[in-house]
Amino acid sequence: MILTVARLKNNYTQEEIGEKIGWSRSKVAQYIRLLNEIVTPILDIARKHQEDRVTKDVTGVTFNFTEGWFRKSGIYDLNDDN
């Protein structure tokens with residue numbers, strides 16, 4: 001869903017996006033804030049954890065970094081260097 005918000009945020013207000021996808025304006029604002037504040041190193045870490053989440057013979061898999069994925073991914077179990 002975050003990708004949907006990303007596509008819509010340049011053409012619609014937060015309230016309009018919320019109406020289109022059935023969310024409150026404040027939830028849309030939180031997702032937009034998340035989009036604006038994610039930095040490349042965090043996305044690189046997320047992609048590293050994403051590897052091997054499906055079998056090697058599956059082709060054409062697209063992946064959405066959802067809020068649920070971040071919670072379950074183990075990304076919060078970083079070592080002291082991160």
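Every number in this text was worked out from the coordinates using simple rules, so none of it is lab data. Because the structure is a prediction, the values reported are computed rather than measured. Note that each Cβ is placed from the backbone with ideal geometry, even for glycine, and that neighbours are counted across all protein chains shown.
Descriptive notes on the structure:
- Among the residues of the range 11-43, those identified as within 17 Å of the chain's Cα centre (by Cα) and either touching a residue at least 60 places away in the same chain (Cβ under 8 Å) or part of a loop (DSSP other than H, G, I, E, B) (or both) are W23, I38, V39.
- Scanning the range 3-33 for residues that are surrounded by 15 or more Cβ atoms within 10 Å (Cβ to Cβ) and either in contact with a Cys (Cβ under 9 Å, 6 or more places away or on another chain) or among the aliphatic types (A, V, I, L, M) (or both) yields V5, L8, I17, V28, A29, I32.
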